[in-house]
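As C-alpha cells, the structure follows; a few thoughts come after it.
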Amino acid sequence: MTRKMLALALVTAAVLIPLAGRAAAPLQLKSVNVDFPQSDRMFAGQGADALNNNCLACHSAGMVLNQPALTKAVWQAEVNKMIQIYKAPIAAADAAAIVDYLARTKGSGS
Amino acid sequence: MSTQPSDFNRGSLTRRLLLGQVGSAGLAIAAAPAWAQTMVDLALPGGPGERPIATNFPQKGAMILQRTRPPLLETPFEVFDQDVFTPNDRFYVRWHWAVIPTAVDVDKFRLAVRGHVDRMLSLSLKDVQSLPQVELAAVNQCSGNSRGFFQPRVAGGEWANGAMGNARWTGVRLKDVLDRAGVKAGAVQVRFNGMDEAVVPDAPKFMKSLAIDHAGDGEVMIAYAMNGEQLPLLNGFPLRLVVPGWYSTYWVKMLNDIEVLDRPDDNYWTKTAYTIPDTPHANIKPGETGVTFVPINRLVPRSFITNIRAGAKVPARTPTLARGIAFGGDAGVARVDVSSDGGRTWQAAQLGNDEGKYSFRQWETRFTLPSSGDHSLLVRCTNTNKVAQPDMANWNPAGFMRNVIEATPVVAG
C-alpha cells in the first residue's frame with residue numbers, strides 16, 4: 001500500500017514538474033489563417049431590392065431579420081445612422097424604400 | 001422580473017445525470033439528437049427568438065448564430081453550467097466592422113505605441129512576450145448582453161444571456177508597455193485601435209479610450225492568451241486589451257495601435273456610441289428626455305441558475321439542487337442568495353472556489369418547493385462593495401447594462 005502510494009506520488013511529480021515548467025515558459029504563438037463562413041440570406045418580397053442592394057455589403061441579412069418589431073420612427077433612425085454615421089452610400093429614394101420595407105415587415109404599427 | 005431563455009431542447013439536469021454516469025462531456029453531447037443542435041429558441045419577448053446553431057466558424061464549436069457578417073456569436077447557456085471558465089471555442093464573439101483579417105503572421109505582426117510619448121514603439125509579439133507575464137481571471141461581458149429581454153424591445157444585437165464569458169487571461173501589463181514608451185506629462189487618455197476595418201472607408205474606425213490613470217493602473221492588460229492558449233482569431237488574436245471589471249467594448253480585439261492622447265478622445269465610438277443614462281442602473285423611461293448620457297464603464301453584479309432551464313419540471317417537497325454562476329462586476333462576489341417563494345425569503349448559497357474578484361464564481365444550494373404547480377426561482381448576487389442586483393429591470397434606448405434579478409419559472413410535481 002505504502003509502495004503504491006509512493007509510486008503514485010512519483011507519477012504525480014513526474015506529471016506536475018513538466019507542466020509547471022511549461023507554464024513558466026512564454027507561450028509559443030502560431031500564425032493563423034482561417035476562412036469565415038458567408039451568409040446567403042436575402043430580403044424577399046416587395047421592395048426587397050433596395051435592402052439587398054444597399055445593406056448586405058456591410059452586414060448579413062440576419063442582423064435585420066433578428067430584430068423585433070420596431071416603430072417606423074425607430075427604423076428611420078436606424079437607417080439614418082447607417083447613412084450619417086456609418087457613411088453607407090444610400091440614395092435618398094432607396095433610403096425611403098428601405099424604411100418602408102422595414103416598417104411594413106418588421107413594424108409595430110405605430 | 002425576467003425569465004432565462006430556454007437553451008437547447010435538452011434539460012441541463014438530464015445532461016448532468018448523463019455526465020455523472022459516463023464522466024465525459026463528449027459522450028453526452030454525442031448522445032444528443034442532431035436536431036437539438038440545429039436551432040435554439042431564445043424566448044425573447046415578442047420574438048423572433050429562433051436562431052440557428054452554427055458550427056462552421058473557425059476555431060469555434062457550436063455557437064448561437066446572431067449574425068454571420070460581421071460575426072455575432074452567442075455562447076449557448078448550457079456552457080455556463082459546465083465550468084467556471086468558458087472554453088475558448090465556446091466564448092462569444094462580437095465584431096463591429098466586416099473587414100477582419102483572416103490571417104495573422106506572428107513574425108510580421110507589430111504593436112505600435114505612439115502619440116504623447118517619449119519614444120514611439122513598434123513591438124513584435126516576442127517583444128511583448130519579453131515583458132513580465134501576468135495572469136488574471138476576468139469576466140468579459142458585452143454592454144448589450146441580454147438586450148433581447150428589454151421591454152419595450154430596442155434595436156441592436158438581440159442577445160439572450162450568452163454575450164459573456166470568463167477566462168484566465170495571460171499577457172503583460174499595459175503599464176509596462178506605456179512605461180517603455182515613456183508617457184509625457186499632460187497625457188489624459190490612451191486610445192486603442194485594432195486591425196478590423198469598415199467596408200466603407202469613411203466610416204469611423206472602431207477605437208476606444210481609457211483615462212490615463214486607468215490605463216496605467218497595473219490591472220489593465222494586453223493579453224496574448226486566454227485559458228492557457230492563444231486567442232481564437234475571432235476573440236482578438238494575437239493581442240487583446242483586457243480591462244478587468246469593465247464592459248467588453250473597451251477590450252479592443254486584434255490590438256495593434258496604442259495612442260497616448262494629450263486631449264480627450266472625440267472619436268465616435270468613445271464619445272457618442274456606448275453611452276448610458278447617468279442615472280441609477282442606467283435606467284430611464286422610454287421616451288424620457290433631458291437625460292445626460294455618459295460612456296458605459298464598470299460591470300455590475302449578475303447571477304444565473306445554470307442547471308435548471310425555464311419551464312423545467314422539478315420535484316415538489318424534495319430538496320433539489322440549484323447551481324449556477326455569479327459575478328460581482330467591478331468587485332468580488334460577497335454572497336449569492338436564492339429565493340423559491342417570489343423573493344419573500346432568501347437563503348444563502350454556498351460559493352465555489354474564488355478565482356479572483358473579476359471572475360465568475362460558482363454557487364450551489366438546495367431548495368424545497370412546498371407544493372405542486374408553478375413556482376419561480378430567483379437568484380441574487382451581492383458584491384463586496386455591498387451592491388446587489390435590483391428587483392426591477394432597467395431600460396435604456398441602447399439596451400445596455402441589464403442586471404435585474406433573474407427569475408426561472410419551474411413546475412413542481
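The values are calculated or read from the model by the stated rules, or taken from the named source; none is laboratory data. Fair warning: this is a prediction, and the values are worked out from it, not measured in the lab. Don't worry about glycine lacking a Cβ; one is built from the backbone with ideal geometry, like all the others, and counts go over all protein chains shown. Heads up: the accessible areas ignore ligands, DNA and RNA and are worked out on the full protein's heavy atoms, side chains in. Shrake-Rupley method; radii C 1.70, N 1.55, O 1.52, S 1.80 Å.
In whole angstrom, and with the biggest value first, how far do the Cα coordinates of region B:219-267 range along each principal axis?
Principal extents (Cα only, largest first): 37, 22, 16 Å.
Please compute one quarter of the surface area of the Cα convex hull for the protein assembly as shown and express it in square nanometres.
Result: 27.7 nm².
Do any of B:Lys60/B:Lys253; A:Lys87/B:Lys60; B:Lys126/B:Lys208; B:Lys175/B:Lys205; A:Lys30/B:Lys108; A:Lys72/B:Lys271 go past 20 Å between their Cα atoms, and which? Intermediate values should be presented prior to the final figure.
Values: B:Lys60/B:Lys253 16 Å; A:Lys87/B:Lys60 32 Å; B:Lys126/B:Lys208 25 Å; B:Lys175/B:Lys205 24 Å; A:Lys30/B:Lys108 12 Å; A:Lys72/B:Lys271 27 Å.
Result: A:Lys87/B:Lys60; B:Lys126/B:Lys208; B:Lys175/B:Lys205; A:Lys72/B:Lys271 exceed 20 Å.
On the first, second and third principal axes, largest extent first, how far apart are the outermost C-alpha atoms of region B:180-256 in Å?
38, 36, 24
Which cross-chain or sequence-distant (5 or more) residues have an amide H under 5 Å from the amide H of A:Ala88, H modelled 1.01 Å from N in plane?
So A:Ala88 has HN proximity to A:Ile83.
What nm value, rounded to one decimal, do you get for the distance between B:Ser122 and A:Asp35 when each label is placed 7 Å out toward the C-beta?
Those two pseudo-labels are separated by 3.3 nm.
Checking the cross-link filter: which lysines have an alpha carbon closer than 25 Å to that of B:Lys386, excluding same-chain neighbours under 8 positions apart?
Filter leaves B:Lys357.
Provide the per-residue ³J(HN,Hα) series for region B:117-134, in order, calculated from phi with Karplus coefficients 6.51, -1.76, 1.60 and θ = phi - 60°, each as a whole number of Hz, with x at glycine and proline positions.
Rounded to whole hertz, the list is 10, 6, 9, 6, 10, 10, 9, 6, 5, 5, 4, 4, 6, 7, 6, x, 7, 10.
Treat every Asp and Glu Cβ in the protein assembly as shown as -1 and every Lys and Arg Cβ as +1, leave all other atoms uncharged, and give the resulting dipole magnitude about the Cα centre to the nearest 20 debye.
The calculation lands at about 840 debye.
Please work out whether region A:48-106 counts as rounded, prolate or oblate from its C-alpha gyration tensor, where a ≥ b ≥ c are the square roots of the eigenvalues and a/c under 1.5 means rounded, while otherwise a/b larger than b/c means prolate and anything else oblate?
Since a/c stays below 1.5, the shape of region A:48-106 is classed as rounded.
How large is the charge dipole for chain B, taken about the Cα centre, if only the Cβ atoms of Lys, Arg (+1) and Asp, Glu (-1) carry charge, to the nearest 20 debye?
Values: 43 positive and 39 negative charges, 92 e Å.
Computed about the Cα centre, the dipole is about 440 debye.
Chains B and A: what accessible area do they bury, summed, in square angstrom to the nearest 100, with a 1.4 Å probe? The partial results should precede the final answer.
Numbers: alone 17100 and 8670 Å², together 22550 Å².
Interface between B and A: roughly 3200 Å².
Using the charge dipole of region B:268-413 (Lys, Arg: +1 at Cβ; Asp, Glu: -1 at Cβ; taken about the Cα centre), state which of B:Pro397, B:Asn307, B:Pro286 has its Cα farthest towards the positive end.
B:Asn307
Just to check I understand the Karplus step: with θ = phi - 60° and J = 6.51 cos²θ - 1.76 cosθ + 1.60, what whole-Hz values come out for region B:157-164, glycine and proline as x?
Those phi angles translate into x, 8, 6, 7, 8, x, 8, 7 Hz.
Under 1.5 on a/c is rounded, so check that first for chain B, then, if it is not, pick prolate when a/b is larger than b/c and oblate when it is not; a ≥ b ≥ c are the square roots of the alpha carbon gyration tensor eigenvalues.
Details: a/c = 1.80, a/b = 1.58, b/c = 1.14.
Prolate.
So if we plug the beta-carbon distance of A:Ala91 and B:Thr38 into 1/(1 + (r/R0)^6) with R0 = 25 Å, what FRET efficiency do we get, rounded to 0.05?
Using R0 = 25 Å, I get an efficiency of 0.05.
List every residue whose amide H lies under 5 Å from the amide H of B:Leu377, counting only residues 5 or more places away in sequence or on a different chain, with H placed 1.01 Å from N in the peptide plane.
The answer is B:Thr408, B:Val410.
Using R₀ = 56 Å, calculate the FRET efficiency as 1/(1 + (r/R₀)^6) where r is the Cβ-Cβ separation of B:Val188 and B:Asp374; round to 0.05.
On the way: r = 55 Å, r/R0 = 0.98.
E between B:Val188 and B:Asp374, to the nearest 0.05, is 0.55.
What whole number of Å gives the distance from the Cα centroid of region B:314-391 to the Cα centroid of region B:228-251?
First find each Cα centre; the distance between them is then 28 Å.
Tabulate in residue order the Karplus-calculated ³J(HN,Hα) for region A:90-106, using 6.51 cos²θ - 1.76 cosθ + 1.60 with θ = phi - 60°, rounded to whole Hz; enter x for Gly and Pro.
Ordered by residue, 3J(HN,Hα) equals 10, 5, 4, 5, 5, 4, 5, 5, 5, 4, 4, 4, 5, 5, 6, 9, 10 Hz.
Report for the protein assembly as shown the percent antiparallel among DSSP-assigned beta bridges with both residues inside it, nearest 5.
That works out to approximately 90 percent antiparallel.
I'd like the FRET efficiency for B:Thr102 and B:Asn353, computed as 1/(1 + (r/R0)^6) with the beta carbon distance as r and R0 of 51 Å, rounded to 0.05.
With R0 = 51 Å, the Cβ-Cβ based efficiency is 0.85.
With a ≥ b ≥ c taken as the square roots of the eigenvalues of the C-alpha gyration tensor of region B:250-383, please select rounded if a/c is under 1.5 and otherwise prolate if a/b is larger than b/c or oblate if it is not? It would help to have the intermediate numbers written out before the result.
Details: a/c = 3.11, a/b = 1.96, b/c = 1.59.
It comes out prolate by the Cα gyration axes.
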